[in-house]
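S.K.: Sharing a structure with you now.
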Amino acid sequence: MPSIGRHPYDCSKSCEDLISQAYAHSYGLPVAIGHFGNIYGGGDPHSSSLIPGSIRRFYKREAPIIRLPKLGDFQRDYLYVKDLIQSYMALYNGWDLPAVRGQAFNWAMGGSWAVLEVVNLIAAVMNCSDIEPVFVQTDRSEILHQKVSVQKAAEMLNCHPPYRLEQGIAETAQWYCKYFEAPVLLGNDINSGYTGMMVRWE
């Protein structure tokens with residue numbers, strides 16, 4: 001699909017794509033473009049985001065907050081942070097190839113999950129299925145349904161993110177639980193928010 005963002009944030013991304021492609025075409029700049037699904041994983045300090053926010057609230061045995069549009073539910077495609085790294089490496093290894101230079105590639109799981117589905121997965125891995133979420137209506141201007149085609153990246157760069165959503169959610173929840181349990185070592189205060197962050201990969 002062409003880069004035709006309509007909202008200001010989306011449009012800024014489209015402009016970045018077009019400028020990158022212009023330099024690749026006009027000057028042979030070795031550049032490739034990565035489009036990613038909703039990235040998640042341990043180390044994300046934004047507690048307002050769905051996954052880290054829900055994990056934080058379940059950890060405190062509080063109800064997660066789900067923001068929904070007036071009609072239906074947001075649906076998103078996801079990408080685990082370890083798969084993101086693999087995707088960047090595939091881009092880096094291929095961006096100077098003539099067939100790859102200036103091209104845009106999508107990376108995600110190639111599916112679509114409703115917000116409530118994701119929260120229920122988190123609840124299951126944290127043994128919090130007894131806690132009912134709180135639903136809040138939102139008027140944010142966002143894409144209602146997102147599903148990313150990953151066929152081009154698979155065929156041209158031989159890159160296939162291996163993590164299933166259930167696996168990534170389980171590892172992410174485990175990371176945050178360890179993080180919350182070590183406030184002195186990692187600089188976290190669960191009641192007042194993040195005061196520091198040390199990302200650990202194991």
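S.K.: Among (1) surrounded by 14 or more Cβ atoms within 10 Å (Cβ to Cβ); (2) at pLDDT below 90; (3) among the basic types (K, R), where does R6 come up short?
M.R.: For R6, the exception is condition (1).
S.K.: I've got another one for you. Return the only residue of I55, I66, I51 being modelled with pLDDT under 90 and closer than 17 Å to W113 by Cβ.
M.R.: Of I55, I66, I51, the one residue that is modelled with pLDDT under 90 and closer than 17 Å to W113 by Cβ is I66.
S.K.: Now a separate question. I need a count of the residues in region 33-55 that are open to solvent by 20 Å² or more (accessible area, probe 1.4 Å) and either in contact (Cβ under 8 Å) with a residue 60 or more places away in the chain or under 22 Å from S149 (Cα atoms) (or both).
M.R.: 8
S.K.: Of the residues M198, M89, which is out of contact with any Pro (no Cβ under 7 Å at 6 or more places or on another chain), open to solvent by 70 Å² or more (accessible area, probe 1.4 Å), more than 21 Å from S3 (Cβ to Cβ) and at pLDDT 90 or above?
M.R.: The match here is M89.
S.K.: Please enumerate the residues belonging to region 52-106 that are of a type in the set (A, V, I, L, M, F, W, C), in contact with a Lys or Arg (Cβ under 8 Å, 6 or more places away or on another chain) and in a strand (DSSP E or B).
M.R.: Result: I65, F105.
S.K.: Identify the single condition in (1) in a loop (DSSP other than H, G, I, E, B); (2) at pLDDT 95 or above; (3) open to solvent by 50 Å² or more (accessible area, probe 1.4 Å) that C128 does not satisfy, given that it satisfies every other one.
M.R.: (3)
S.K.: Just give me the residues in region 143-182 being within 14 Å of the chain's Cα centre (by Cα), hydroxyl-bearing (S, T, Y) and open to solvent by 30 Å² or more (accessible area, probe 1.4 Å), in sequence order.
M.R.: Y163
S.K.: A further question on this structure: Going through region 16-41 one residue at a time, which ones are under 29 Å from Y163 (Cα atoms) and either in contact with a strand residue (DSSP E or B) (Cβ under 9 Å, 6 or more places away or on another chain) or at pLDDT 95 or above (or both)?
M.R.: Within region 16-41, E16, D17, A32, I33, G34, H35, F36, G37, N38, I39, Y40, G41 meet the criteria.
S.K.: Out of all the residues in region 145-172, which are farther than 29 Å from G102 by Cβ and of a type outside the set (A, V, I, L, M)? Before the answer, list the steps.
M.R.: Step one: filter region 145-172 for residues farther than 29 Å from G102 by Cβ, giving 164-172.
The answer is R164, E166, Q167, G168, E171, T172.
S.K.: Just for region 56-83: of the residues that are of a type in the set (K, R) and over 19 Å from W107 (Cβ atoms), which one is surrounded by the fewest Cβ atoms within 10 Å (Cβ to Cβ)?
M.R.: Step by step, filter region 56-83, then rank; the result is K70.
The values are calculated or read from the model by the stated rules, or taken from the named source; none is laboratory data. This structure is a prediction, so every number in the text was calculated from the model and none was measured. Positions of Cβ are generated from backbone atoms using ideal geometry, with glycine treated the same way; all protein chains shown enter the neighbour counts. These area figures cover heavy atoms from the full protein model, side chains too; ligands, DNA and RNA do not enter into them. Shrake-Rupley method; radii C 1.70, N 1.55, O 1.52, S 1.80 Å.
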